[in-house]
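Undergrad: One structure coming up, written as structure tokens, with questions to follow.
All of the numbers you see were taken from the coordinates with simple rules; none came from a lab. For clarity, every value in this text was computed on a predicted model and none was experimentally measured. Backbone-built Cβ (ideal geometry, glycine too); neighbour counts: all protein chains shown.
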Amino acid sequence: MKTFRYIDGAAVLRLDVEACIGCGICVTVCPHRIFELPNSRAEIVDYNACMECGACATNCPTEAIFVNSDDGCGCAALIIDRWISKVIGKPVSSCSC
Ligand code: SF4
Ligand code: SF4
């Protein structure tokens, strides 16, 4: 996923480290490997790869994660379009946000 990235600085992802109980669910569900669990607490290791899908916040048992997946872009379409464009060699755009 390293080449399929969102827009730098655009995500609204927030992590409350004090509220984290180290369950590791966010590490498991994040499709972009944003989180690691170095000292039994979650840590954001690749902030700009977040595409605001909301899976981490939805599954975190202590609400330690906030991401604006309703009002944020959450634009998986942009990432997929870039991928398809690369494969077929011409621009594709299905993103309307
Ligand atoms: S899902 Fe929540 S509680 Fe579990 S490791 Fe991630 S931030 Fe911590
Ligand atoms: S919103 Fe999605 S991409 Fe961003 S950190 Fe959470 S699970 Fe990963």
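Undergrad: Mind putting a number on the dipole of the stretch 14-88 about its Cα centre? Charges go on the C-beta only, +1 for Lys and Arg and -1 for Asp and Glu, and I need it in Debye to the nearest 20. Please list the in-between numbers first.
TA: Details: 5 positive and 10 negative charges, 66 e Å.
The dipole magnitude comes to about 320 debye.
Undergrad: Packing-wise, with mean Cβ within 10 Å as the measure, how do 9-16, 49-56 rank, highest first?
TA: Values: 9-16: 15.6, 49-56: 22.2.
Highest mean packing first, the order is 49-56, 9-16.
Undergrad: Can you compute the FRET efficiency between residue 40 and residue 66 using 1/(1 + (r/R0)^6), with r the Cβ-Cβ distance and R0 = 30 Å? Round to the nearest 0.05. Kindly include the intermediate steps, with their values, before the conclusion.
TA: On the way: r = 21 Å, r/R0 = 0.69.
Computed FRET efficiency for residue 40 and residue 66: 0.90.
Undergrad: Among 39-45, 85-91, how do they line up from the highest to the lowest mean number of other beta-carbon atoms within 10 Å? All intermediate terms of the calculation are to be shown ahead of the outcome.
TA: Details: 39-45: 15.3, 85-91: 9.4.
Result, highest mean first: 39-45, 85-91.
Undergrad: Modelling each spin label as a point 7 Å along the Cα-to-Cβ direction, I'd like the residue 16/residue 81 distance in nm, to one decimal.
TA: Distance between the two pseudo-spin positions: 3.5 nm.
Undergrad: Multiplying the sequence separation of residue 28 and residue 8 by 0.36 nm and subtracting their Cα-Cα distance, what value in nm do you get?
TA: Numbers: separation 20, 0.36 × 20 = 7.20 nm, distance 2.28 nm.
Stretched fully, the residue 28-residue 8 segment lengthens by 4.9 nm.
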